[in-house]
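Some notes on the structure that comes next.
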Amino acid sequence: MGTENAERIQTSILNNAEKKLLIWLAERQPAWVTSDMLTYLGVVAAVLYAIFCWLACYDVNYFWASSLCLVLNWYGDSLDGSLARVRQTQRPKYGFFIDHSLDALTTCLFCIGLGLSPLMQLSIALFIMGGYLCMSIYTYLSTIVMGSFRLTYASLGPTEMRLIIIAVCILYIYLPLNDVTFELFGTTWTPYDAIGAIVAVLLFLIYVVSLSNDLRKLAKIDPPKQFKKN
């Protein structure tokens with residue numbers, strides 16, 4: 001099944017408001033702005049986000065700059081497809097391929113940025129990255145095999161995740177909690193490490209549950225064949 005025919009499942013909390021905003025923005029973009037330009041803007045913003053997160057080790061106020069970069073990433077990553085649809089210049093195969101290939105890169109940058117920042121341990125940030133990438137791979141396989149492109153899970157999508165990261169980064173500026181620590185698995189944890197670990201575990205749980213549900217559906221659609229001896 002082609003990705004252009006897949007049903008888009010978008011049930012996030014902000015979906016309706018975001019869709020209206022993106023259409024409004026797309027209709028007001030200058031003619032020289034293209035979907036590809038917006039896609040690459042999102043990637044550049046993700047790179048800058050990771051750099052500013054690392055600089056927050058020296059001054060937590062750099063988290064303001066990293067938060068702004070997340071907004072720019074949303075602008076580029078979310079608006080590129082809306083611009084193509086408003087202008088009726090969609091390239092379903094090309095757009096799907098480039099957009100979600102670069103999504104994997106930006107996800108890595110988001111998580112590595114968190115791990116390089118004073119917010120949490122790098123190992124925990126990589127744990128989150130593993131869970132998110134598993135979810136991404138599951139989503140793309142489900143798009144091809146099941147014909148449904150699920151953009152949200154548990155009413156949360158990429159936009160909500162960005163807002164959560166921004167909220168946590170700003171909270172850290174005013175409430176770092178570096179002196180509130182506890183020992184776990186032979187390492188020193190902070191409350192932010194614990195939050196990151198919980199997020200990672202939830203991602204893996206959603207992955208396992210979603211995968212199990214689809215496997216049951218596929219077992220009915222494509223049952224095992226009986227081996228016949230010659």
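The values are calculated or read from the model by the stated rules, or taken from the named source; none is laboratory data. All figures in this text were calculated on a predicted structure; none of them were measured in a lab. Glycine gets a Cβ as well: all are built from the backbone with ideal geometry, and neighbour counts include every protein chain shown.
Values as computed for the structure displayed
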read-out	value
Single unsatisfied condition, SER123 versus (1) of a type in the set (S, T, N, Q); (2) surrounded by fewer than 17 Cβ atoms within 10 Å (Cβ to Cβ); (3) under 18 Å from PRO158 (Cα atoms)	(3)
Among residues of region 149-191, those that are modelled with pLDDT of 85 or more and aromatic (Phe, Trp, Tyr), counted	4
Candidate set from region 152-179 (those that are not in a helix (DSSP H, G or I) and not hydroxyl-bearing (Ser, Thr, Tyr)); member that is surrounded by the fewest Cβ atoms within 10 Å (Cβ to Cβ)	ASP179
Answer residue from region 116-151, given it is in a strand (DSSP E or B) and of a type outside the set (Ser, Thr, Tyr) and is farthest from TRP54 (Cα to Cα) among those	PHE149
Residue count, region 86-142 (criterion: of a type in the set (Val, Ile, Thr) and in contact with a Cys (Cβ under 7 Å, 6 or more places away or on another chain))	1
Selected residue [in contact (Cβ under 8 Å) with a residue 12 or more places away in the chain, more than 18 Å from CYS111 (Cβ to Cβ) and exposed (fewer than 15 other Cβ atoms within 10 Å of the Cβ)] from LYS228, LYS217	LYS217
Residues within region 180-193 that are in a loop (DSSP other than H, G, I, E, B) and surrounded by fewer than 17 Cβ atoms within 10 Å (Cβ to Cβ), tallied	4
Subset of region 17-63 (residues that are of a type in the set (Ser, Thr, Tyr) and either surrounded by fewer than 18 Cβ atoms within 10 Å (Cβ to Cβ) or part of a loop (DSSP other than H, G, I, E, B) (or both))	THR34, TYR40, TYR58
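Matching residues to (1) of a type in the set (Val, Ile, Thr); (2) crowded, with 21+ Cβ neighbours inside 10 Å; (3) in contact (Cβ under 8 Å) with a residue 24 or more places away in the chain:
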| position | (1), (2), (3) |
| --- | --- |
| TYR75 | no, no, yes |
| ASP80 | no, yes, yes |
| GLN88 | no, no, no |
| GLY95 | no, no, yes |
| HIS100 | no, no, yes |
| ALA104 | no, no, yes |
| PHE110 | no, yes, yes |
| LEU114 | no, yes, yes |
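Residue by residue, here is whether (1) closer than 20 Å to GLY157 by Cβ; (2) within 16 Å of the chain's Cα centre (by Cα); (3) of a type in the set (Asp, Glu) holds:
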position: LEU70; (1), (2), (3): yes, yes, no
position: ASN73; (1), (2), (3): yes, yes, no
position: SER78; (1), (2), (3): yes, yes, no
position: ALA84; (1), (2), (3): yes, no, no
position: ARG87; (1), (2), (3): no, no, no
position: GLY95; (1), (2), (3): yes, no, no
position: LEU102; (1), (2), (3): yes, yes, no
position: LEU109; (1), (2), (3): yes, yes, no
